[in-house]
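The values are calculated or read from the model by the stated rules, or taken from the named source; none is laboratory data. Just so it is clear, the structure is predicted and the values come from calculations on it, not from any experiment. Here Cβ is always computed from backbone atoms with ideal geometry, including for glycine, and neighbour counts include all displayed protein chains. To get the accessible areas, we keep the full protein, side chains included, count just its heavy atoms, and leave off ligands, DNA and RNA. Shrake-Rupley method; radii C 1.70, N 1.55, O 1.52, S 1.80 Å.
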Amino acid sequence: MRFSHAAVSVGLALVACGSEGSPPDDVDAADTTTTRAFTITSPDVTIDPGDEITYCYYFKTPNTEDVVIRKWASTMTPGSHHMIMYTTKTETQPAGTVSATGCGGFSAANVPSWTYATQTPTAELALPDDDGTGLPLGQLIPAGTFGYLEMHYLNATDAAIQAHVEVTAEALAAGAPYTQTAAFVTYNNDISIDPGATGDLESMSCATPVNAKFWTMSTHAHKQAVLTQVKDGASVVFSSDDWEHPGSKNWMETPFYSFASGRITYECTYDNVGDNKDRTVESGSSADTNEMCMATGYYFPATKPLLCINSLGPF
């Protein structure tokens, strides 16, 4: 089993190497006249023709009091492949930094927490408004939370493009009762796909919290993947044959979904017959030369986001 802090950092951050971006705009201030808690807008970066690169934009949320998010919305300009928003316990880069070098960062004391993600130009994620007892679900974002937007860009055109991402968070009314929900994310750090292999199955499983209910589930993989699945024992909970846009399985009202087996099994099947057919493909950050196998979902009742690496965790 290959397991190290460095490898986990790669897995969490989908790191790509590159140059520094231009100076960023400031994070928007909170709008107290609406339910908008805050908006985070990354600066424009130039993506040259044919380039594929991942940038991270580091921020500190402008809310001066704790807020409970009920809905996320985002827009990505052309050239954006996907975006993942992470929060961190402490600052990993100064707020306002945009960089493709050392994207994300990881330490045992500052594990990035998956918060929101999208793979489409415009997207919304509204949390369930009833947990089964009449309370809405919400994601707690403490005042002045540190984090970063991880933005994967691909310019398939013949001209340079300017690209950025915008994420808006809408909150419940201050003091409103709610049930906390948070992300549950897995990562397989032990992938090894032989040159020319077809039907290569990489499978791991992780324990789920006692009495946890899930309201959405999806997967994340790279271009060698031909099938991704999340299983509950022998039962298939989620399945996709589109690695770029896997979609999701949603349960937006009671009884939601509980893993009867007490474990999430996440599996990815790969055909290494494309650009990488003459080399072994292993776990890593590059969507071009490495692979990933992740299950991504949200559970409740929660006290914090959970991460499971291989079959270790969640923690």
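Tabulated data
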| read-out | value |
| --- | --- |
| Sum of side-chain charges, Ile141 neighbourhood, beta-carbon under 12 Å (Lys, Arg +1; Asp, Glu -1) | -1 |
| Separation of alpha-carbon centers, segment 249-266 and segment 34-77, rounded to whole Å | 29 |
| Accessible solvent surface per residue of the chain, calculated while the other protein chains remain in place, 1.4 angstrom probe, Å² | 42 |
| Cα shape, segment 138-290, gyration tensor, a/c 1.5 rule | oblate |
| Percentage relative contact order, the chain, counting C-alpha pairs under 8 Å, at least six apart | 23 |
| Length gained when the stretch Ala173-Val273 is fully extended (0.36 nm per residue, less Cα-Cα span) | 30.8 nm |
| In Å², nearest 10: area of Lys304 left accessible to a 1.4 Å probe | 100 |
| Probe 1.4 Å - accessible area at Phe315, Å² to nearest ten | 90 |
| Listed residues His222, His164, His81 arranged by accessible area, highest first, probe 1.4 Å | His164, His81, His222 |
| Counted charge near Phe259, where neighbours are those whose Cβ lies closer than 11 Å (Asp, Glu -1; Lys, Arg +1) | +2 |
| Distance (nanometres) between label positions extended 7 Å along Cα→Cβ at Ser192 and His245 | 3.6 |
| Links that overshoot a 30 Å alpha carbon limit, given the list Lys60/Lys223; Lys89/Lys223; Lys89/Lys213; Lys71/Lys231 | Lys60/Lys223; Lys89/Lys223 |
| For Leu135, solvent-accessible area (1.4 Å; no DNA, RNA or ligand), Å² | 50 |
| For Thr179, residues with placed amide H under 5 Å, excluding near neighbours | Leu137, Gly138 |
